[in-house]
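Encoded as structure tokens, the structure appears first; notes follow it.
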Amino acid sequence: MSVANPAIIDERMRSRSPLQRLLSRPEVGSLVGAVVVLVFFVIVAPVILQPASFATVLYGASTIGIMAVGVSLLMIGGEFDLSTGVAVISSALTASLFSWYFVLNVWVGVGLALLVSLGIGFLNGWILTKTKLPSFIVTLATFLMLTGLNLGLTRLVGGAVASPTISDMDGFSVAKAIFAATFKIGGVDIQITVLFWIVLVAVASWILLRTKIGNWIFAVGGDAEAARAVGVPVAKTKIGLFMGVGFCAWLLGMHNLFAFDAVQSGEGVGNEFLYIIAAVIGGCLLTGGYGSAIGGAIGAFIFGMANKGIVYAQWNPDWFKFFLGLMLLLATLVNLVVKRRAERK
Amino acid sequence: MIALTAALALSAVMVAGCSSTGGRPQPNANGAAGPAVNTPRITIALVSHSGAGDTFWDIVRRGAEEAAAKDNVNLLYTADDDGPRQAQLIQQAIDQKVSGIAVTLAKPDALKSVLANAKAANIPVVVINSGESVAKSLGAQAYFGADDKVAGNAVGDKLLAEGYSHPICVIHEQGNVGLEDRCAGVKAKVPATEVLYVPGKDMTQVSSTITSKLQATPTADVVIGLGAPFTLTALKAVEATGSKAKVASFDLNSELAQQIKDGKIIFTVDQQPWLQGYMAVEYFWQQLRGGFSLGGGQPVLTGPAIVDKDNVDAVLKFAKDGIR
């Protein structure tokens with residue numbers, strides 16, 4: 001009878017230091033990346049640390065970050081959504097046009113917009129689970145249809161390509177105070193979207209790490225068939241994730257509507273990539289089963305810093321997109337290096 | 001029964017939720033008039049480089065539609081902001097044997113060969129809005145529009161006259177020649193002009209990027225938007241930042257006209273887009289009616305027309321009608 005070599009220890013039994021455990025978290029690499037980008041901009045554009053400037057960075061990050069929360073969860077669940085950018089505008093247009101056309105209190109439109117946004121999410125998830133088509137195809141179709149609907153219905157209902165202003169309608173001022181408010185911290189105006197973003201990240205993190213649903217999300221993203229075999233409701237989980245994205249789209253859509261009074265029907269195209277980029281920078285894998293909501297938030301923060309930092313640095317605007325791409329690439333590479341270091345230890 | 005209950009509940013919500021102010025104006029009983037002419041019906045194609053959902057091009061289209069309704073013209077309006085795809089749309093118009101084609105030449109190189117095809121098919125072409133410098137060489141019979149550099153110069157002159165010295169010119173679509181020309185025109189007159197690029201497809205980012213620029217540039221004394229929706233967002237950003245900078249604009253809509261009247265925007269330069277669409281269609285009808293040539297082969301400029309507090313009242317009514 002041979003005895004196992006005691007020098008060879010099963011890797012599942014290997015003890016890991018707290019530092020190793022910390023470094024293996026999906027969001028830690030992106031956090032290091034965020035610190036690197038922040039330090040860089042503090043050096044080249046010290047104005048970024050002024051409270052008012054930092055509040056602007058946070059606002060820019062929050063309008064990406066709100067959607068990045070839903071998209072991060074969806075990507076952890078093994079799917080992604082190409083309709084998110086225009087879905088935000090669809091939500092805003094629904095609330096605006098419905099209230100305006102039927103001369104209703106804007107809260108009726110807000111409620112309907114929530115139902116429509118959740119419905120779009122449900123439809124995406126339901127078609128996906130019923131047909132087994134890739135989410136790329138399903139949501140690309142939704143993206144194209146929503147783009148057309150946004151333009152077609154806005155012209156049909158409002159007679160123009162932007163929604164009519166609803167700022168003089170009942171309920172507008174209250175809705176504006178909720179969805180497009182600012183509040184002061186230390187004398188600095190902070191946009192309400194920053195608070196929405198923080199709350200969404202907290203709720204999403206709690207769901208992922210502290211609930212049965214969180215386990216299901218990781219399971220369906222890792223291996224849907226294996227998850228189904230152990231009793232995970234795969235279809236319901238995926239539909240729920242798409243509806244979560246729909247909720248985020250509604251929230252950001254309402255901010256857009258009440259912050260700017262009217263909505264351009266052609267907006268939103270291309271933003272879906274920013275949300276996916278934020279999630280990926282934050283450590284979510286495109287293949288699913290790995291990532292965190294906090295990581296997606298950090299990814300959005302990196303994007304916000306790079307986007308606004310370039311302006312604060314007053315670099316040649318012709319090179320804006322190049323600098324932005326370079327910043328995002330560097331942040332992602334730092335994330336990758338940290339992750340690999342953690343895996344090697 | 002469930003359906004009936006749901007319908008009643010929805011009705012109750014809608015009745016209870018009615019707004020006492022604002023909303024859609026109630027329609028009146030006036031019917032639309034038929035064509036005002038008795039010339040044979042012709043088909044005209046208008047192919048622009050508009051992106052989806054652009055308010056400026058909506059006004060151009062309205063002008064063309066009004067002329068078409070009056071002149072017994074079947075108007076085929078199509079648009080694509082991608083040069084090669086715009087060329088394909090023009091080719092489709094040629095294939096349909098239209099009586100005339102109006103095009104925008106924002107990307108003239110992409111349209112050279114297809115405009116040669118139109119010439120070979122004996123289909124007259126006019127150019128609107130952009131491409132004045134190349135219109136004639138590409139075989140166009142007329143040009144209706146503004147010169148963006150001239151419009152930029154007009155803004156620069158007015159800013160100088162009013163004592164502004166450090167403008168920020170906000171470009172909402174990087175690489176758009178017309179927008180770049182507008183800012184270049186301003187800069188030619190006010191050398192300290194800075195260009196700021198913002199992502200025009202996302203108003204929240206437009207707002208926060210303008211805010212960050214104002215925070216980084218406290219000496220800026222005027223922000224110039226290159227389209228009405230973007231100027232209105234710039235105004236909100238300026239107000240939120242507490243900046244002393246004023247706001248000026250290119251182009252017009254009813255909300256912007258109202259803000260000029262209220263003294264929140266100092267002025268705008270209007271290129272009268274409705275007129276561009278209208279004259280494009282009218283040109284072909286005039287040609288059919290009596291062999292007339294609007295403009296006599298010379299460019300017909302529809303701008304720059306400066307709208308400020310002194311003359312905004314005359315414009316506001318028409319802006320509310322969606323034609324200014």
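Here is a yes/no grid of residues against (1) in contact with a Leu (Cβ under 8 Å, 6 or more places away or on another chain); (2) surrounded by fewer than 13 Cβ atoms within 10 Å (Cβ to Cβ); (3) modelled with pLDDT of 75 or more:
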site: A:MET305; (1), (2), (3): yes, no, yes
site: A:GLN314; (1), (2), (3): no, no, no
site: A:PHE320; (1), (2), (3): no, no, no
site: A:LEU329; (1), (2), (3): no, yes, yes
site: A:VAL338; (1), (2), (3): yes, no, no
site: A:LYS345; (1), (2), (3): yes, yes, no
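Check whether at least one residue in region A:182-200 is more than 14 Å from chain B (Cβ to nearest Cβ), more than 30 Å from B:GLY51 (Cα to Cα), crowded, with 20+ Cβ neighbours inside 10 Å and in contact with a helix residue (DSSP H, G or I) (Cβ under 7 Å, 6 or more places away or on another chain), and report yes or no.
yes
I'm told A:SER173 meets every condition in (1) in contact with a helix residue (DSSP H, G or I) (Cβ under 8 Å, 6 or more places away or on another chain); (2) modelled with pLDDT under 95 except one. Can you identify the failing condition by its number?
Among (1) in contact with a helix residue (DSSP H, G or I) (Cβ under 8 Å, 6 or more places away or on another chain); (2) modelled with pLDDT under 95, the lone unmet condition for A:SER173 is (1).
Are any residues in region B:36-77 β-branched (Val, Ile, Thr) and within 14 Å of chain A (Cβ to nearest Cβ), and if so, which ones?
B:THR55, B:ILE59, B:VAL60
Quick check, is B:SER130 in contact with a helix residue (DSSP H, G or I) (Cβ under 7 Å, 6 or more places away or on another chain) and within 30 Å of B:GLN286 (Cα to Cα)? Give the derivation first.
Values: in contact with a helix residue (DSSP H, G or I) (Cβ under 7 Å, 6 or more places away or on another chain): yes; within 30 Å of B:GLN286 (Cα to Cα): yes.
Here the answer is yes, as B:SER130 does meet what is asked.
Among the residues in region B:220-231, are any surrounded by 24 or more Cβ atoms within 10 Å (Cβ to Cβ), facing chain A (nearest Cβ under 8 Å), part of a helix (DSSP H, G or I) and within 21 Å of the chain's Cα centre (by Cα)?
yes
Among A:SER62, A:SER117, A:SER99, which is in contact (Cβ under 8 Å) with a residue 40 or more places away in the chain, away from chain B (no Cβ under 11 Å), part of a helix (DSSP H, G or I) and surrounded by 24 or more Cβ atoms within 10 Å (Cβ to Cβ)?
Values: A:SER62 fails: away from chain B (no Cβ under 11 Å); A:SER99 fails: away from chain B (no Cβ under 11 Å).
The match here is A:SER117.
Quick one: which residue in B:LEU179, B:LEU196 is out of contact with any helix residue (DSSP H, G or I) (no Cβ under 7 Å at 6 or more places or on another chain), under 23 Å from A:GLY266 (Cα atoms) and either free of Cβ contacts under 8 Å to residues at least 40 places away in the same chain or not in a strand (DSSP E or B) (or both)? Write out each step before concluding.
Numbers: B:LEU196 fails: out of contact with any helix residue (DSSP H, G or I) (no Cβ under 7 Å at 6 or more places or on another chain).
Every option except B:LEU179 fails the conditions.
Any residue at all in region B:284-306 that is outside any helix (DSSP H, G or I) and farther than 26 Å from B:VAL150 by Cβ? Can you show your working first?
Initially, region B:284-306 is screened for residues outside any helix (DSSP H, G or I), giving B:291-293, B:298-306.
Those left that are additionally farther than 26 Å from B:VAL150 by Cβ: B:291-292.
Among the residues of region B:284-306, at least one is outside any helix (DSSP H, G or I) and farther than 26 Å from B:VAL150 by Cβ, which makes the answer yes.
From (1) in contact with a Gly (Cβ under 8 Å, 6 or more places away or on another chain); (2) of a type outside the set (A, V, I, L, M); (3) within 24 Å of B:LEU301 (Cβ to Cβ), pick out the condition that doesn't hold for B:ASP71.
Result: B:ASP71 passes all but (1).
Is one or more of the residues making up region B:301-309 closer than 30 Å to A:GLN314 by Cα, charged (D, E, K, R) and touching a strand residue (DSSP E or B) at 6+ places or on another chain (Cβ under 9 Å)?
Step one: of region B:301-309, the residues closer than 30 Å to A:GLN314 by Cα are none.
Within region B:301-309, not a single residue is closer than 30 Å to A:GLN314 by Cα, charged (D, E, K, R) and touching a strand residue (DSSP E or B) at 6+ places or on another chain (Cβ under 9 Å).
Inspect all residues belonging to region B:139-153 and state whether any of them is buried (at least 16 other Cβ atoms within 10 Å of the Cβ), β-branched (Val, Ile, Thr) and touching a His at 6+ places or on another chain (Cβ under 8 Å).
Scanning region B:139-153 turns up no residue that is buried (at least 16 other Cβ atoms within 10 Å of the Cβ), β-branched (Val, Ile, Thr) and touching a His at 6+ places or on another chain (Cβ under 8 Å).
Consider B:LYS213 against the criteria (1) within 14 Å of chain A (Cβ to nearest Cβ); (2) within 18 Å of the chain's Cα centre (by Cα): it satisfies all of them except one. Which criterion is unmet?
So the condition that B:LYS213 fails would be (2).
Out of B:LYS244, B:LYS236, which single residue is in a loop (DSSP other than H, G, I, E, B) and at pLDDT below 90? So that I can check it myself, show each step before the final result.
Details: B:LYS236 fails: in a loop (DSSP other than H, G, I, E, B).
On inspection, the qualifying residue turns out to be B:LYS244.
Checking the conditions here, which among B:GLY242, B:GLY277, B:GLY322, B:GLY303 is more than 16 Å from the chain's Cα centre (by Cα) and not charged (D, E, K, R)? Talk me through it step by step, then tell me what you get.
On the way: B:GLY277 fails: more than 16 Å from the chain's Cα centre (by Cα); B:GLY322 fails: more than 16 Å from the chain's Cα centre (by Cα); B:GLY303 fails: more than 16 Å from the chain's Cα centre (by Cα).
Unique residue meeting the criteria: B:GLY242.
Take the conditions surrounded by fewer than 22 Cβ atoms within 10 Å (Cβ to Cβ), in contact with a Phe, Trp or Tyr (Cβ under 7 Å, 6 or more places away or on another chain), assigned to a helix (DSSP H, G or I) and not polar (S, T, N, Q) and apply them to B:LYS187. Does it pass? Full working, then the answer.
Details: surrounded by fewer than 22 Cβ atoms within 10 Å (Cβ to Cβ): yes; in contact with a Phe, Trp or Tyr (Cβ under 7 Å, 6 or more places away or on another chain): no; assigned to a helix (DSSP H, G or I): yes; not polar (S, T, N, Q): yes.
Answer is no for this residue.
For region B:46-132, which helices (runs of 4 or more DSSP H) that fit wholly inside it have 3 or more residues that are of a type outside the set (Asp, Glu), in the same structural domain as B:TRP285 (by TED's automatic domain parsing) and more than 26 Å from A:LEU151 (Cα to Cα)?
Values: elements: B:55-70, B:83-95, B:108-120.
Per the criteria, B:108-120.
Check region B:165-176 and report whether any residue there is within 11 Å of another protein chain (Cβ to nearest Cβ) and of a type in the set (S, T, N, Q).
If we filter region B:165-176 for residues that are within 11 Å of another protein chain (Cβ to nearest Cβ), which is where we start, we get B:168-172, B:174-175.
Checking which are of a type in the set (S, T, N, Q) leaves us with B:174.
Yes - at least one qualifying residue is present in region B:165-176.
Determine, yes or no, whether B:ALA319 is of a type in the set (A, V, I, L, M) and not in a helix (DSSP H, G or I).
no
Conditions (1) surrounded by fewer than 19 Cβ atoms within 10 Å (Cβ to Cβ); (2) on the phi < 0 side of the Ramachandran plot; (3) in contact (Cβ under 8 Å) with a residue 12 or more places away in the chain, marked per residue:
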{"position": "A:ILE213", "(1), (2), (3)": "yes, yes, yes"}
{"position": "A:TRP216", "(1), (2), (3)": "no, yes, yes"}
{"position": "A:ALA224", "(1), (2), (3)": "no, yes, yes"}
{"position": "A:VAL230", "(1), (2), (3)": "yes, yes, no"}
{"position": "A:LYS236", "(1), (2), (3)": "yes, yes, no"}
{"position": "A:LEU241", "(1), (2), (3)": "no, yes, yes"}
{"position": "A:VAL245", "(1), (2), (3)": "no, yes, yes"}
{"position": "A:GLY253", "(1), (2), (3)": "no, yes, yes"}
{"position": "A:LEU257", "(1), (2), (3)": "no, yes, yes"}
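Any residue at all in region A:65-79 that's in contact with a Cys (Cβ under 6 Å, 6 or more places away or on another chain), closer than 30 Å to A:ALA224 by Cα and within 14 Å of another protein chain (Cβ to nearest Cβ)?
Yes - at least one qualifying residue is present in region A:65-79.
The values are calculated or read from the model by the stated rules, or taken from the named source; none is laboratory data. None of these values were measured; they are calculated from a predicted model. Note that each Cβ is placed from the backbone with ideal geometry, even for glycine, and that neighbours are counted across all protein chains shown.
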